[in-house]
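These notes are about the structure you will find just below.
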Amino acid sequence: MRQSATAKKIMLAAEALFAEQGFAETTMREITSAAKVNLAAVNYHFGSKKGLISAVAEKYLNPLVTTLHDAVSERKQVQPHGTISAEELLEILMRSLLQVGKSKQFALPVFMRLLELIYMKNQEELRTAMVARYGGSFSEYVALLRIDSAVMSDEEFFWRLHFLLGSIVFTLSNFQTLVAIEMREYERAAEVERTLHRMIPVLVAGLQARAEHTPFTRI
């Protein structure tokens, strides 16, 4: 459905504030002030703050899901019955994040803030809604990632996957701070693209490391 001019103003104001401050920290008063509308306008178009968060999440997650799915499908056509390496799959993920980030102004900060919000203990309703809406879309990608990971239990892979997500979220959520530290220490500033790609070998090593209950190699 096409959004009205008022709804677009509210969305743009909310996106900027969510990217800068986070979803939980941003108040409705701040959103209405930035958008120059009253609370009734937000409630009319989105129902509530939760409805507004869901609308923003869909705006950014839908293109990411599509981009990731298309990239994986294209890669599978090249070698239909071959294994896609964890390194290549993470490369696809990073490129998908960058592609959506370049097409939408607040994409990367909003993604990271959204993941932070979803993992908060009092956000079970949002977490359930996001898993129901997007879990299936990411399931094929996660299954492919596991094929080139070390042999491990489902529980172990669960933790490895969340260690991976945590690394990405921490890096992108704190990117400007990390850039400032690097500038002070080494007198140079990182670019987000280079930073994402230099994470890949570290993440791959984490997925392919010996599982907790796998015995040491016996000589």
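The values are calculated or read from the model by the stated rules, or taken from the named source; none is laboratory data. What you see is a predicted model, and the numbers here were worked out from it, not measured in a lab. Positions of Cβ are backbone-derived with ideal geometry, glycine not excepted, and every protein chain shown enters the neighbour counts. Heavy atoms of the whole protein, side chains included, go into the accessibility calculation; ligands, DNA and RNA do not. Shrake-Rupley method; radii C 1.70, N 1.55, O 1.52, S 1.80 Å.
Which of the pairs K50/K121; K8/K102; K8/K121 have their Cα atoms more than 22 Å apart in this structure? Before the final figure, lay out the partial values.
On the way: K50/K121 16 Å; K8/K102 20 Å; K8/K121 30 Å.
Cα-Cα > 22 Å for K8/K121; rest within.
Relative to the longest principal axis of the chain, what angle (0 to 90°, nearest 10) does the C-alpha long axis of helix 154-173 take?
Around 50 degrees separate the two axes.
Show that you can apply the helix-only estimate: for the chain, add -39,500 (n - 2.57) for every DSSP H stretch of four or more residues, divide by all residues, and state [θ] at 222 nm to the nearest 500. Working shown, then result.
Working: 10 runs with 166 residues, N = 219.
Computed mean residue ellipticity for the chain: -25500 deg cm²/dmol.
With every protein chain kept in place and ligands, DNA and RNA left out, what is the accessible area per residue of the chain? Probe 1.4 Å, answer in Å².
The answer is 61 Å² per residue.
So, with +1 on the Cβ of K and R and -1 on the Cβ of D and E, and no other charges, what is the size of the charge dipole of region 125-219 about its Cα centre, to the nearest 20 debye? Intermediate values should be presented prior to the final figure.
Values: 10 positive and 12 negative charges, 21 e Å.
Value, rounded to 20: 100 debye.
Treating only the Cβ atoms of Lys and Arg (+1) and Asp and Glu (-1) as charged, compute the dipole magnitude of the chain about its Cα centre; round to the nearest 20 debye.
Numbers: 25 positive and 24 negative charges, 141 e Å.
Using only the charged Cβ atoms, the result is roughly 680 debye.
With the contact rule set at Cα under 8 Å and sequence spacing of 6 or more, what percent relative contact order holds for the chain? Don't jump to the answer; show the numbers that get you there.
Working: 158 pairs, mean separation 47.3, N = 219.
It rounds to 22 percent for the chain.
Sort all Cα-Cα distances of region 35-105 into consecutive 5 angstrom bins from zero, then give the percent of pairs in each bin up to the one containing the longest distance.
Whole-percent P(r) values from 0 Å outward: 3, 14, 18, 15, 12, 11, 9, 7, 5, 4, 2, 0.
Output needed: percent of Cα pairs per 10 Å distance bin for region 71-196, bins running from 0 to the one holding the longest distance.
Over region 71-196, the share of Cα pairs per 10 Å bin runs 10, 35, 37, 16, 2 percent.
Spin-label point model (7 Å from Cα, Cβ direction): what's the S48 to R188 distance in nm?
5.0
Could you tell me the convex hull volume per residue, in Å³, taken over the Cα atoms of region 1-85?
128
Using Cα atoms only, what is the angle between the long axis of helix 107-118 and the major principal axis of the chain, expressed in degrees (0 to 90) to the nearest 10?
Between helix and principal axis, roughly 80 degrees.
Could you give the Stokes-Einstein D for the chain in µm² per second, using the C-alpha Kirkwood radius, 20 °C, 1.002 mPa s? Mind showing how you got there, number by number?
On the way: Rh = 19.3 Å.
Once the numbers are plugged in, D ends up at 111 µm²/s.
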